[in-house]
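**Q** Sending over a structure as structure tokens; questions will come in a sec.
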Amino acid sequence: MNHSLQQNIPSLQNLLRELPPNLFLQKLSKDYAGAIVFSSSFSFEDQVITHLIGDQQLPIQIFTLDTGRLFAETYSVWSNTLDRYKISIKAYYPNATILESFVEKKGPNAFYESVENRKDCCFIRKVEPLKRALSGNAIWITGLRAEHSSDRGDLQSIEWDESNQIIKYHPLLHWTTKQVTDFIATNNIPYNPLHDKGFVSIGCAPCTRAIKEGEDFRAGRWWWEDANKKECGLHVHQ
């Protein structure tokens, strides 16, 4: 366990009470220079955070997990984001050997057949690349919001991720959907047009659908599974 890093959390939580997200990101980028990363899936939330980083040209490495099964619209907003902010976004891809073996043995759509297969697919395409992306870093910035899952109601904006041995910061954890969309509109931020078609949580194309009025935020992800199995393993709650 990285005790020295974990011991920084109380002081960071105190500082967070005094600073808005843009200034707190400034502070983090100075104090943890070269060891702070932001993971983006180009969602509404992630685009807000990218704006806060790109608009200030903060030295925070932005990365994304390209699973190989993303929507065409996701690649378009990725390209538009690069053009808008003139920043670098590092892409992490699945281990080719492991992925090739999985698809050869179980087929390209095996994730529909069982929860075990789906979790294996998520691990290969997302969790393992994420661990590579986080390795050696101290701060991981995410776009998690409490509204998106009932499991996130007790999260702290600054927390310790035991599985990845890293401090996590969720700048928009307590933002409402209206706050997010208003910020996007006010600052003319590029966003995924699928959001306008009822897609809330956008992941891999075969595993994501638009939600209907009144449905839970996560209803559009792995909709063929039980509601209590709606996480892919990227964010493990201790």
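**Q** Please give the FRET efficiency for Ala33 paired with Asp216, using the beta carbon to beta carbon distance and R0 = 45 Å, rounded to the nearest 0.05.
**A** Details: r = 39 Å, r/R0 = 0.88.
Rounded to the nearest 0.05, the efficiency is 0.70.
**Q** Then there is this: Around Ile62, which amide H atoms from residues at least 5 apart in sequence, or from another chain, sit under 5 Å from its own amide H, with H modelled in the peptide plane?
**A** For Ile62, the qualifying residues are Phe38, Lys90.
**Q** Another question about this same structure. Explain nothing, just the number: dipole magnitude of the chain about its Cα centre with +1 on each Lys and Arg Cβ and -1 on each Asp and Glu Cβ, in debye rounded to the nearest 20.
**A** Details: 26 positive and 28 negative charges, 67 e Å.
Roughly 320 debye, rounded to the nearest 20.
**Q** Compute the Rg to Rh ratio over the chain from the alpha carbon atoms, using the Kirkwood formula for Rh, and round to two decimal places. Before the final figure, lay out the partial values.
**A** Values: Rg = 17.5 Å, Rh = 18.6 Å.
A ratio of 0.94.
**Q** Can you give the FRET efficiency to the nearest 0.05 for Ser4 and Asp55, using r as the Cβ-Cβ distance and R₀ = 30 Å?
**A** Details: r = 32 Å, r/R0 = 1.07.
That gives a FRET efficiency of 0.40.
**Q** Note down the nm distance, to one decimal, between modelled labels 7 Å out along Cα→Cβ at Arg69 and at Arg132.
**A** Going from the Arg69 label point to the Arg132 one covers 1.8 nm.
**Q** With each label point set 7 Å from Cα along the Cα-Cβ vector, what nm distance links Asn109 and Ser163?
**A** So the label points at Asn109 and Ser163 sit 2.8 nm apart.
**Q** What 222 nm value per residue comes from the helices of the chain, counting each DSSP H run with n ≥ 4 as -39,500 (n - 2.57) and dividing by all residues, nearest 500 deg cm²/dmol?
**A** Calculated mean residue ellipticity at 222 nm is -10500 deg cm²/dmol.
**Q** Also, quick follow-up: How much length would be gained if the chain were fully extended between Trp224 and Glu18, taking 0.36 nm per residue of separation minus their Cα-Cα distance, in nm to one decimal?
**A** Details: separation 206, 0.36 × 206 = 74.16 nm, distance 4.35 nm.
Gain on extension, Trp224 to Glu18, equals 69.8 nm.
**Q** Turning to a different aspect of this structure: Among Ala72, Gln6, Ile167, pick out the residue whose Cα is farthest towards the positive end of the charge dipole of the chain, where Lys and Arg carry +1 and Asp and Glu carry -1 on C-beta, about the Cα centre.
**A** Among Ala72, Gln6, Ile167, the one farthest towards the positive end of the dipole of the chain is Ala72.
**Q** For a label point 7 angstrom out from the Cα of Ile87 toward its Cβ, which stretches of region 112-133 have the backbone nitrogen within less than 18 Å?
**A** Correct set: 133.
**Q** Here is a further query. What's the center-to-center distance, using Cα atoms, between region 188-215 and region 1-70 in Å?
**A** So the two Cα centres are separated by 24 Å.
**Q** For region 188-201, just list the computed ³J(HN,Hα) in residue order, Karplus coefficients 6.51, -1.76 and 1.60, θ = phi - 60°, integers in Hz, with x standing in for Gly and Pro.
**A** Whole-Hz 3J(HN,Hα) from phi for region 188-201: 6, 8, x, 9, 6, x, 4, 4, 6, 10, x, 7, 9, 9.
The numbers here are math on the coordinates, done by the rules we state, and not lab data. This structure is a prediction, so every number in the text was calculated from the model and none was measured. No Cβ is skipped: glycine too gets one built from the backbone with ideal geometry, and neighbour counts run over all protein chains shown.
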